[in-house]
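Undergrad: Could you have a look at this structure, given as structure tokens, before my questions?
What follows draws every value from the coordinates through simple rules; no lab data is involved. From a predicted model like this one, the values you see are computed outputs, not experimental measurements.
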């Protein structure tokens, strides 16, 4: 039995095989770094400017849009009339447009388009009136010349 005790006492001085294997696993189990192109993240304007990037939920809710409604000329005129009435009562344009259910940008584009049509009609009317005026002036000038020529004949001046 003494021999067994000697062999047991000599065993602890040696390093067990399990401990050596675990040391090598620790160094070997580290994940390797990927190449620079694979891990590169896409930088957005917000990331470049240093502003915080909104979460995916916030972005998803902000990008949800309704289908675009196309209004007829009659509906456009009606919406413009509603906004004009509300603004004439003293309400702000922003609030009036919101109540009408359109954006401010849409309102100003419609207003601009509606304002151009009557101006072009007015311009056509003005040109027509100027042409008629020129025609009438020529007619009057011819009549006055004839009368003037008749009077000179009667008076014997010409």
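Undergrad: Please report the relative contact order for the range 73-155, taking Cα pairs under 8 Å with a sequence separation of at least 6, and give it as a percent rounded to a whole number.
TA: Once divided by the residue count of the range 73-155, the mean separation gives 18 percent.
Undergrad: Dividing the alpha-carbon radius of gyration of the range 73-155 by 2.2 N^0.38 Å (N being the number of residues), what value is obtained? Write down the numbers at each step before the final one.
TA: Values: Rg = 25.4 Å, N = 83, 2.2 N^0.38 = 11.8 Å.
Against the compact-globule rule of thumb, the ratio is 2.16.
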